[in-house]
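What follows is calculated from the coordinates using simple rules that are stated; it is not laboratory data. Being a predicted model, the structure only gives us computed values, none of them experimental. Positions of Cβ are backbone-derived with ideal geometry, glycine not excepted, and every protein chain shown enters the neighbour counts.
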Amino acid sequence: MKSIEVKGTARTIAERSSDQSRAIKAIRKNNGVPCVIYGGGENIHFTVTVDSLRNLVYTPHIYIVDLDIDGKKLNAILKDIQFHPVKDTILHVDFYQIDESKPIEIDVPVQLEGLAEGVKAGGKLTLQMRKLKVKAFFNVIPEKLVVNVAHLGLGKTVKVGELSYDGLTLLNTKESVVCAVKLTRAARGLAAAGK
């Protein structure tokens with residue numbers, strides 16, 4: 001997996017919720033995003049700039065995040081992002097600290113490979129799950145999960161239960177369809193003409 005550096009500034013949490021919400025509003029007004037990292041014993045609350053998150057959030061890739069919080073270096077993964085329901089701005093980000101001795105759960109992008117038999121016969125290949133949730137040690141997690149679809153005929157699917165990758169446990173339901181070759185009108189016409 002690629003890594004990306006994000007610099008942050010530690011922040012303290014006010015005891016009264018009214019003071020806390022006032023502080024968070026001030027952070028957001030100054031182009032900041034309140035964040036928290038957990039998984040390493042005690043949670044660390046910090047602030048980053050919106051710009052420092054751009055390459056991490058608006059990308060199809062997954063990254064190990066090299067966090068630098070006031071000089072303290074931590075390795076983490078992006079766990080959750082909250083967006084404003086109307087403006088679509090980033091409101092809050094959760095990071096999870098990586099422990100080399102424990103597996104982590106992360107969504108990994110799916111990439112289809114090959115020309116499906118069903119597409120040659122006039123069908124349409126559709127990717128129904130853009131990411132799969134995996135559990136593994138961070139150093140064996142690939143940047144993408146490649147699914148070969150060359151064998152896939154008309155009306156056929158690839159389900160999560162049919163896939164396996166070394167060192168990874170797939171956490172999605174085994175019956176979930178990852179990709180399918182759907183019958184199109186053109187394919188139905190070819191099938192009817194062939195009868």
Problem - Integer Hz, Karplus 6.51/-1.76/1.60 couplings in order for region 163-180, x for Gly and Pro - result: 9, 8, 9, 4, x, 10, 10, 7, 9, 5, 4, 4, 7, 5, 8, 7, 8, 8
Problem - Sum of side-chain charges, ALA76 neighbourhood, beta-carbon under 10 Å (Lys, Arg +1; Asp, Glu -1) - result: -1
Fill in the blank from the handout: Restricted to the chain, the DSSP antiparallel beta bridge percent, nearest 5, is 70 percent
Exercise for the section: Counting other beta carbons within 10 Å of each Cβ, put MET1, MET129 in order, fewest first. Expected result: MET1, MET129
Handout entry: Point-to-point label distance, ASP68-GLN128, nm (Cα→Cβ direction, 7 Å offset)
Key = 4.5 nm
Handout entry: Three-way shape label, region 2-99, alpha-carbon gyration tensor, a/c 1.5
Key = oblate
Completion exercise
Counting only DSSP beta bridges with both partners in region 2-99, the antiparallel fraction in percent, to the nearest 5, comes to 65 percent
Handout entry: nm² value of the averaged projected area, convex hull over the Cα atoms of the chain
Key = 14.3 nm²
Problem - Residues whose placed amide H lies under 5 Å from that of GLY8, excluding near-sequence neighbours - result: ASP68, ILE69, ASP70
Practice task
Mind sorting THR89, THR184 by how few other Cβ atoms lie within 10 Å of their own Cβ, fewest first?
Solution key: THR89, THR184
Problem - Coil-residue chymotrypsin sites (Phe, Trp or Tyr not before Pro) of region 32-116, DSSP, other Cβ within 10 Å capped at 15 - result: TYR58
Exercise for the section: Run the dipole for the chain about the Cα centre, Lys and Arg Cβ at +1, Asp and Glu Cβ at -1, nothing else charged, and hand back the magnitude in debye, nearest 20. Expected result: 1040 debye
Completion exercise
The local net charge around VAL6, scoring Lys/Arg +1 and Asp/Glu -1 for residues other than VAL6 whose Cβ lies under 14 Å from its Cβ, equals 0
Fill in the blank from the handout: With label points set 7 Å from each Cα along the Cα-to-Cβ direction at THR49 and GLU162, the distance between them in nm comes to 4.8 nm
